[in-house]
Amino acid sequence: MAGIGANPLDAQASPEKPQASGTQTLMRGLALLECVAAGIGDVKGIAARLGTPRSTTHRMLNSLTQDGYLHHVPYKGYLLGPKLIALGMRALEQRPLVAIARPHIEELARQTGDTVHLGVVEGAEVFYLDKIPNTRGLEMRSRIGLRMPLASTGLGKALLLGLPRERWPELYDQALRLTAAAPERPPLAPWPEFESRLAAYVDRGWSFDLEENEIGIRCVGAPIRDVRNQVVAAISVASAVPYMPDERMAELGPMVRAVADAISKDLGWKRDERASGHR
């Protein structure tokens, strides 16, 4: 029973406080995991990013480590743990596109010896859904879960082929802003040249990345369509410049498009024989 003079509204509101506190704790835990995923693995750095006391941060890290969501390496810091790896794999498996495309891109990687990517549009960026590593021993910064500007990657430009041309300038400008903010990134071609190239990519059904995203890396991409004939994803073959001369890129174009078409057919797409391309 409430005491004399107690406000009945206080008694009604009190059950909500633990719920609010629980939600805050959950969101802090998720933010902490995102910090570690971004490469911040020390208590000091995580506490600074979250704005929480070190003691609180340390308790959260201990709990997440004990439950398998994080892994602690002495003198090095925290890494994502086995539970998150398992959940990430389960999330990928639950996206039918990944399961359908995987055999196709594995075979493409085997035939070419190059890195093969699968990605989808997320806003103004391409989100990397899958990656099959190359057999040449080459390292590149792409990884599953990475987001990059649509207008600066072969994978992204393949996705642009399915977007209205009216959106091309806007997406080009967004990629330009990112390039300006990161001097280490290669410059994009001037807009008239970029637009002309993209129009040519539409006509033939595949796209090129001529070191516009990462110096020393070239890509050939092609769009994937669904039963509605809409571009829902794209694939790309990527390798270092010595393995990607102009002649080989021209040869890879039809091959990459053929694999993208095979994935599209598995998604229910049918080629319109009356059309010269996918348009």
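The lone criterion from (1) more than 22 Å from residue 122 (Cα to Cα); (2) outside any loop (DSSP other than H, G, I, E, B); (3) open to solvent by less than 50 Å² (accessible area, probe 1.4 Å); (4) small (Gly, Ala, Ser) left unmet by residue 238 is number (1). Counted as qualifying within segment 67-153 are the strands (runs of 3 or more DSSP E) with 3 or more residues that are open to solvent by less than 50 Å² (accessible area, probe 1.4 Å), namely 115-122, 125-132. The set of residues from segment 206-235 being of a type in the set (A, V, I, L, M) and part of a loop (DSSP other than H, G, I, E, B) comprises 215, 227. Reported count of residues in segment 190-205, each being part of a loop (DSSP other than H, G, I, E, B) and in contact with a Leu (Cβ under 8 Å, 6 or more places away or on another chain), is 1. Number of residues in segment 30-49 that are part of a helix (DSSP H, G or I) and closer than 23 Å to residue 146 by Cβ: the value is 11.
Cβ-Cβ distances below 6 Å connect the following pairs, each with a first residue in segment 131-144 that is closer than 16 Å to residue 110 by Cβ, a second residue that is among the charged types (D, E, K, R) and surrounded by 10 or more Cβ atoms within 10 Å (Cβ to Cβ), and a separation of six or more residues or different chains: 132/106; 134/114.
The values are calculated or read from the model by the stated rules, or taken from the named source; none is laboratory data. Please read these numbers as outputs of a predicted model, since none were measured by experiment. Every residue, glycine as well, gets a Cβ built from its backbone with ideal geometry; the counts of neighbours run over all protein chains shown. These area figures cover heavy atoms from the full protein model, side chains too; ligands, DNA and RNA do not enter into them. Shrake-Rupley method; radii C 1.70, N 1.55, O 1.52, S 1.80 Å.
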